[in-house]
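Q: To start, I am sharing the structure in question, which I have written as structure tokens.
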Amino acid sequence: MAKRDVHYTEYFAETMQVLTSDGLLLVSVDRDGKPNAMTIGWATIGSIWGKPLFLVLVRPSRYTYGLIEATGDFTVNVPPKELAEVCAYCGTVSGRDYDKFAEKGLTATPSRRVNSPIIAECVIHYECRVVHKNDIVPAALVPEITASSYPAGDFHRVYFGEILAVYADEDARERISGPQAR
Ligand SMILES: Cc1cc2nc3c(=O)[nH]c(=O)nc-3n(C[C@H](O)[C@H](O)[C@H](O)COP(=O)(O)O)c2cc1C
């Protein structure tokens, strides 16, 4: 199905809904062009410096971290409901050990504006170029979040990705909701 260009806020509600349920699929790429997908649950879309931005939080222990550091870009892909199991998988195993695209039969399609590809089977796509990065500062974080989210340290790096392109399948909303009960 052809994917249609959309404004970066058009699917905000749907993207946040999937972010906070099954998770979104962040794709980065190594120097040889091999893609890797990682599930993310902590992120936000907004506007800073007059630019549309996707802020994503990646722990230094992730394989993805080194890839984004090297290339400076990523894509965020919103999966349809039937890929929930793929999100669980990509959020559990590392690209250091597995080729997640091959294992799950995902198709890496070249992006329009960045090096990292998109996942063709997903229904909404954000192409992002890192314009800033910042680390979570332990001394500036309230103790309850340090205790609940960072018992082992590994404080996230926040990547500020300028959204350069957004496009979606025509039936994105239906596919995100999944089969309707009758
Ligand atoms: C629902 C869900 C949400 C997640 N959100 C994040 C996140 O926002 N940031 C992060 O660093 N890891 C997150 N993870 C963990 C990574 O996806 C997981 O460690 C993954 O295996 C890393 O893959 P990589 O080593 O190939 O980069 C999440 C996992 C799940 C299941």
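Throughout, read-outs are computed from the coordinates displayed, never taken from laboratory work. It should be emphasised that the depicted structure is a prediction, and the values quoted were computed from it without experimental measurement. Here the Cβ is made from the backbone with ideal geometry for all residues, glycine too, and neighbour counts use every protein chain on show.
Q: Can you give the charge dipole size of the range 32-182 about its Cα centre, rounded to the nearest 20 debye, using +1 on the beta carbon of Lys and Arg and -1 on the beta carbon of Asp and Glu?
A: 200 debye
Q: Sticking with this one: List the chymotrypsin sites (Phe, Trp or Tyr not before Pro) within the range 1-96 that fall in a DSSP loop (any state other than H, G, I, E or B) and whose Cβ has at most 10 other Cβ atoms within 10 Å.
A: On the way: sites: Y8, Y11, F12, W42, W49, F54, Y63, Y65, F74, Y89; in loops: Y8, Y11, W42, W49.
For chymotrypsin sites (Phe, Trp or Tyr not before Pro) across the range 1-96 that sit outside H, G, I, E and B with at most 10 neighbouring Cβ atoms in 10 Å, the list reads W49.
Q: Below 15 angstrom from the Cβ of E162, what's the summed charge of the other residues (Lys, Arg +1; Asp, Glu -1)?
A: Summing Lys/Arg as +1 and Asp/Glu as -1 gives +3.
Q: Dimensions of the chain along principal axes (Cα, Å, largest first)?
A: On the principal axes, the chain reaches 49, 36, 33 Å in Cα extent.
Q: Further, regarding this structure: Just need the relative contact order of the chain here, percent rounded to a whole number, with Cα pairs under 8 Å and 6+ apart.
A: Taking the mean separation of contacting Cα pairs over the length of the chain, I get 29 percent.
Q: Out of R62, R129, R96, any idea which swings most in a Gaussian network model of the chain, alpha carbons joined below 10 Å?
A: R96
Q: Checking the table K104/K133; K51/K100; K34/K104; K3/K81 against a 23 Å threshold on Cα-Cα, which pairs fail?
A: Values: K104/K133 30 Å; K51/K100 32 Å; K34/K104 15 Å; K3/K81 18 Å.
Violating the 23 Å limit, Cα to Cα: K104/K133; K51/K100.
Q: Then there is this: Using a basic spin-label model with each label point 7 Å from the Cα along Cα→Cβ, how many nm lie between V6 and Y89?
A: 2.5 nm
Q: Could you check which residue among I48, I124, I68 shows the biggest mean-square fluctuation in a GNM of the chain with a 10 Å Cα cutoff?
A: Largest GNM mean-square fluctuation: I48.
Q: I want the local charge near V131. Using Cβ-Cβ distances under 15 Å, sum +1 for each Lys or Arg and -1 for each Asp or Glu among the other residues.
A: Neighbour charge sum, excluding V131 itself: +1.
Q: Now, a different point. Karplus couplings for the range 80-85 from phi (6.51 cos²θ - 1.76 cosθ + 1.60, θ = phi - 60°), rounded to Hz, Gly and Pro as x?
A: x, 4, 5, 9, 4, 5
Q: Test of understanding: in a Gaussian network model of the chain with alpha carbons linked when under 10 Å, which of V56, V131, V78 would top the mean-square fluctuation ranking?
A: V131
Q: For D73, list long-range residues whose amide hydrogen, built 1.01 Å from N in the peptide plane, is under 5 Å from its own amide hydrogen.
A: When sequence neighbours closer than 5 places are left aside, the close amide H contacts are V130.
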